[in-house]
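One structure is given here, and the rest of the page talks about it.
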Amino acid sequence: MPVPPQLKFPRISRWLPPRPELPPLRVSARLRELIAALALLAAGLTGVVVTTPAQAEAVPVQAVEARGAVLTYGQDVSSYQPQYDWAASPAKFGIVKATEGLTIDDSAFARHWKALAEKGIVRGAYHFGHPRNDPVAEADHFLSVVDGQPVKRGDLLVLDLETTDGRSVAEVNQWARIWLAHVRERTGTTPLFYSNWSFADTYGKGLERYPLWVANYSAKGTVSAPADWKRWTILQYSETPVDQNISVLSPAQLRHLGRPSADT
């Protein structure tokens, strides 16, 4: 039924004062950390290490991939950060460069190695590989430098492979297999394989028996595992101000991947 004209009322909004302009909301770094931590709890994650706003913003990206896992924060450095202060670092694991190719020894390795031992966190050493050289000779070079320093149970060993030196996919893949198998045979330790996501996807097929440490700085969703890996073990998600990483393993589980004793 139509309403008589005399009973029609003007909109209430006509009587209200104009809505005031509100200043833009400023979110503090601490609040961003809290929001990120709540997001992780909502995703069902436990034991997450969140120490800076950058980490807090990066970790939730892994929520689907790592649901139910323990995320452990770590860092890696080389002679590009010769005086890095491990004592002040929030890292729960640290991986440092030891060697490259057949002749290069990282000048900061001994200092970093000792500092990590003093801090008492999980530590690892990596070798930057060059497929133009003999893989066994490079592996022996790496082990000679690492074993030249005190060895601890749980020390991680890593092959960092990011260049082809003009070799084919098959040649690079075979080179990696030989290097990794030789280190495993000599030490009784299964080394980790490190590379960026694209390189690992192209050259890492068939290497899934070796735990994956993968670099991916640009992922907007969850970071899937490349090639034949089912998942990554460590993700390097930033290189600022140093290389920053998270692992789906706890510190104790990471140690379990390392050397079985100080004698190997």
**Complete:** Where a ≥ b ≥ c are root eigenvalues of the Cα gyration tensor, a/c under 1.5 meaning rounded, otherwise prolate if a/b exceeds b/c and oblate otherwise, region 100-238 counts as oblate
**Asked** Counting Lys and Arg as +1 and Asp and Glu as -1, each charge on the Cβ, what is the dipole of region 117-159 about the Cα centre in debye, to the nearest 20?
**Response** 240 debye
**Request:** Give the total of Lys-Lys pairs in region 83-236 with Cα-Cα distances below 20 Å; include a pair only if its members are 8 or more places apart or on different chains.
**Result:** 10
**Request:** Kindly list the residues of region 135-168 that lie in the label zone of H256, defined by a backbone N under 17 Å from the point 7 Å along the Cα-to-C-beta vector.
**Result:** 153-157
**Complete:** Packing-ranked peptide list from 222-230, 173-181, highest mean Cβ count within 10 angstrom first, is 173-181, 222-230
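Over the Cα atoms of region 66-149, what is the Rg over Rh ratio if Rh follows Kirkwood?
Ratio value, two decimals: 1.04.
Would you mind counting up the charge near G204? Only other residues with Cβ under 15 Å from its Cβ, with Lys and Arg at +1 and Asp and Glu at -1.
Combined, the nearby Lys, Arg, Asp and Glu give 0.
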**Complete:** Lys and Arg at +1, Asp and Glu at -1: neighbours of K92 with Cβ under 14 Å from its Cβ sum to +2
**Request:** Within 10 Å of each residue's Cβ, count the other Cβ atoms and sort Y203, Y84 from fewest upward.
**Result:** Y84, Y203
**Fill in**
Among Y203, L254, P226, the residue whose Cα sits farthest towards the positive end of the charge dipole of region 140-264 (+1 at Cβ of Lys and Arg, -1 at Cβ of Asp and Glu, taken about the Cα centre) is L254
**Request:** Could you order peptides 139-148, 101-110, 88-97 by the average number of other Cβ atoms within 10 Å of their residues, highest first?
**Result:** 88-97, 139-148, 101-110
**Request:** Please compute the Cα-Cα pair-distance distribution of region 201-240 with 10 Å bins starting at 0, giving whole percents from short to long.
**Result:** 29, 55, 15, 0
**Request:** For an R0 of 35 angstrom, estimate the FRET efficiency from the Cβ-Cβ distance between Q174 and D105 and round to the nearest 0.05.
**Result:** 0.85
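A short reminder: the numbers here are calculations on the coordinates, not readings from a lab. Just so it is clear, the structure is predicted and the values come from calculations on it, not from any experiment. Every residue, glycine among them, receives a Cβ derived from its backbone with ideal geometry; neighbour counts consider all protein chains shown.
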